[in-house]
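What follows is a set of notes on a single structure, which appears directly below.
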Amino acid sequence: MSNFPNVAIREARAMIQDAQRIVVLTGAGMSAESGVPTFRDAQTGLWEKYSPEELATPEAMYNRPDLVWSWMLHQARVMRSVEPHDGHRMLGSWQRELVDGGGALNIVTQNIDDLHERGGSDVLAHLHGTTFTFRCFECQAPSDYRLEDPTDEQLQATPTLDQLKLEEPPACGVCSHGFIRPNIVMFGELLPQHAMDDALEAVREADVAIVVGTSNIVQPAATLPIAASAAGALVIEINPHMTPLSQDADLYIPGTAGTILPELYP
Ligand code: OAD
């Protein structure tokens, strides 16, 4: 138990103390304290420095497979090299406890890393896919390509686009004329089958929705807290900066995932 002297924390604990069904909706801010850059934070956000059109669309990958593959590989290596923080681990413990007691803690994430899983949680839905599995860009056949553990040299090169060491994506082993890509959702693509359905079901049956580290502007993920609220869930938002959701949330807690989540452990 904690003596954290924050009214918002106490209020949040009161809101979750009898909840049996929790849904946790996470975005890039959830991984930030592990060392994965977010997309839209001033100075450090990836889309503050680079253009999604150049790096994160199917058209970009078709036109410059070497550039987009090398960029995505670099991102994946960074994600592979970092560790879950106390917020991830808290969710893992809380999920086990709720499930053992007949309840549920469903995690729905926009993140393509595996920090929730390595922090001990099962993830219900990776809305934007995952960066550690691959398929053919052309024929869509799953690939058995595995990302090797990154070397220090690969990690220390924090490249700008100009400095990126370009690698060609491996060829597809099935159709032989395509190349492989990670199973992530690029701009303009549909979400993975079932991910949004599973997420909507989880928010509709939740007593409480905890929204952590997302700017709440990318659709359709941004509709999930609204759907949760419409279905009767209390919505708690954790984010150091206010978002379009903050005014409408039942409780907004200004703070980071790594510091606030552990304080909520019932
Ligand atoms: P954004 O980069 O848009 O927003 C990150 C949010 O995390 C911001 O609101 C920050 O204030 C907050 N934040 C930063 N550090 C935090 C911390 N330590 N603890 C808690 N919150 C923190 O990221 P997303 O909302 O996840 O899509 O972006 C949504 C999607 O846009 C991503 O999944 C990605 C991107 O383009 C695809 O790749 C398809």
Could you tell me whether the chain comes out rounded, prolate or oblate from its Cα gyration tensor? Rule is a ≥ b ≥ c as square roots of the eigenvalues, rounded for a/c under 1.5, then prolate if a/b exceeds b/c, otherwise oblate. prolate
Gain on full stretching of the segment that runs from E54 to R204 - 0.36 nm per residue minus C-alpha separation: 50.4 nm
Scan the range 126-186 for trypsin sites (Lys or Arg not before Pro) in coil per DSSP, keeping those whose Cβ has at most 10 other Cβ atoms within 10 Å, and list them by number. R146
Kyte-Doolittle mean at least -0.5 and Cα axial length at least 20 Å: DSSP H helices in the chain: 65-81
Taking only protein heavy atoms into account and a 1.4 Å probe, give the accessible area per residue of the chain in Å². 49
With all protein chains present, how much of the accessible area of the chain (probe radius 1.4 Å) comes from carbon and sulfur, to the nearest whole percent? 50
Going by average Cβ density within 10 Å per residue, which order do the peptides 202-209, 258-265, 240-247 take, highest to lowest? 202-209, 258-265, 240-247
Label 7 Å along Cα→Cβ of C139; the range 193-236 residues with amide nitrogen under 14 Å? none
Residues other than E148 with Cβ under 11 Å of its Cβ, Lys/Arg counted +1 and Asp/Glu -1, net out at +2
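The values are calculated or read from the model by the stated rules, or taken from the named source; none is laboratory data. None of the values given here were measured: they were computed from a predicted structure. Quick reminder, even Gly has a Cβ in these numbers, built from the backbone with ideal geometry, and neighbours come from all protein chains shown. Accessible surface areas use protein heavy atoms only, side chains included; no ligands, DNA or RNA. Shrake-Rupley method; radii C 1.70, N 1.55, O 1.52, S 1.80 Å.
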